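**Q** What follows is a single structure, and I will ask about it in a moment.
The values are calculated or read from the model by the stated rules, or taken from the named source; none is laboratory data. Remember, predicted model here, so these are calculated numbers, not experimental data. Glycine also receives a Cβ, built like all others from the backbone with ideal geometry; neighbour counts cover every protein chain displayed. These area figures cover heavy atoms from the full protein model, side chains too; ligands, DNA and RNA do not enter into them. Shrake-Rupley method; radii C 1.70, N 1.55, O 1.52, S 1.80 Å.
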Amino acid sequence: MSDAVDDSDTGVPSETERQDESTLIANDERRRNMSAISGIAAILGAWVALSVLIYDVGEATLWNNVLIGAVVFLAAGYNFYRLNNDIPLSVGVSALVAVLGIWLIVATAVFGMAAGAFWSTAISGLLIALLSGYNAYEAREAETVVTEGEAEPP
């Protein structure tokens with residue numbers, strides 16, 4: 001038998017229970033923020049794909065923006081879906097979307113885009129890279145915290 005005192009009947013939450021509750025609240029808020037960020041990245045991907053209908057672009061730029069925009073839309077939308085269904089964000093998918101955002105910035109110079117398409121693609125690429133990079137970092141950080149918490153003995 002253990003000599004430990006059971007305070008569960010007092011109605012006062014223990015220090016561990018308070019920490020667990022605050023951690024759950026913080027994780028829930030983090031998941032909501034990550035979901036919104038994934039949604040914004042998906043919308044930006046759709047904008048990149050559809051912006052070729054507004055701006056006069058060459059054939060290479062057209063295919064680049066349509067394909068990269070569609071992949072960003074689908075990948076960020078996939079993470080949005082996961083987060084809204086209580087499935088952890090995929091760090092790999094977020095990292096891929098961030099890399100595609102960087103490519104969009106580089107593509108403006110590679111394809112020599114005109115002023116309107118240049119700024120639209122560059123700013124969209126920058127926002128996609130920053131938002132998805134942040135999501136990948138936050139998801140990686142959350143995985144680290146969970147892994148550390150599981151490693152502790154009961």
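Conditions tested, residue by residue: (1) touching a strand residue (DSSP E or B) at 6+ places or on another chain (Cβ under 8 Å); (2) within 17 Å of residue 127 (Cβ to Cβ); (3) open to solvent by less than 50 Å² (accessible area, probe 1.4 Å).
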{"site": "58", "(1), (2), (3)": "no, no, yes"}
{"site": "67", "(1), (2), (3)": "no, no, no"}
{"site": "73", "(1), (2), (3)": "no, yes, no"}
{"site": "96", "(1), (2), (3)": "no, yes, no"}
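**Q** While we're looking at this one, here's another question. Tell me, yes or no, whether the stretch 126-134 has at least one residue that is without any contact (Cβ under 8 Å) to a residue 24 or more places away in the chain, of a type outside the set (Gly, Ala, Ser) and either under 17 Å from residue 55 (Cβ atoms) or in a helix (DSSP H, G or I) (or both).
**A** No, the conditions are met nowhere in the stretch 126-134.
**Q** Going through 62, 44 one at a time, which residue ends up being free of Cβ contacts under 8 Å to residues at least 12 places away in the same chain, part of a helix (DSSP H, G or I), within 15 Å of residue 120 (Cα to Cα) and not charged (D, E, K, R)?
**A** The conditions single out 62.
**Q** Now for a different question. From 138, 148, which residue is acidic (Asp, Glu), open to solvent by less than 40 Å² (accessible area, probe 1.4 Å) and at pLDDT below 90?
**A** One residue alone meets the criteria, 138.
**Q** Turning to a different aspect of this structure: Within the stretch 98-115, take every residue that is open to solvent by 30 Å² or more (accessible area, probe 1.4 Å) and part of a helix (DSSP H, G or I) and give me the one that is farthest from residue 64 (Cα to Cα).
**A** Among them, the one singled out is 115.
**Q** Further, regarding this structure: Return yes when residue 126 is at pLDDT below 95, in contact with a Leu (Cβ under 9 Å, 6 or more places away or on another chain) and surrounded by 15 or more Cβ atoms within 10 Å (Cβ to Cβ) and no when it is not.
**A** no
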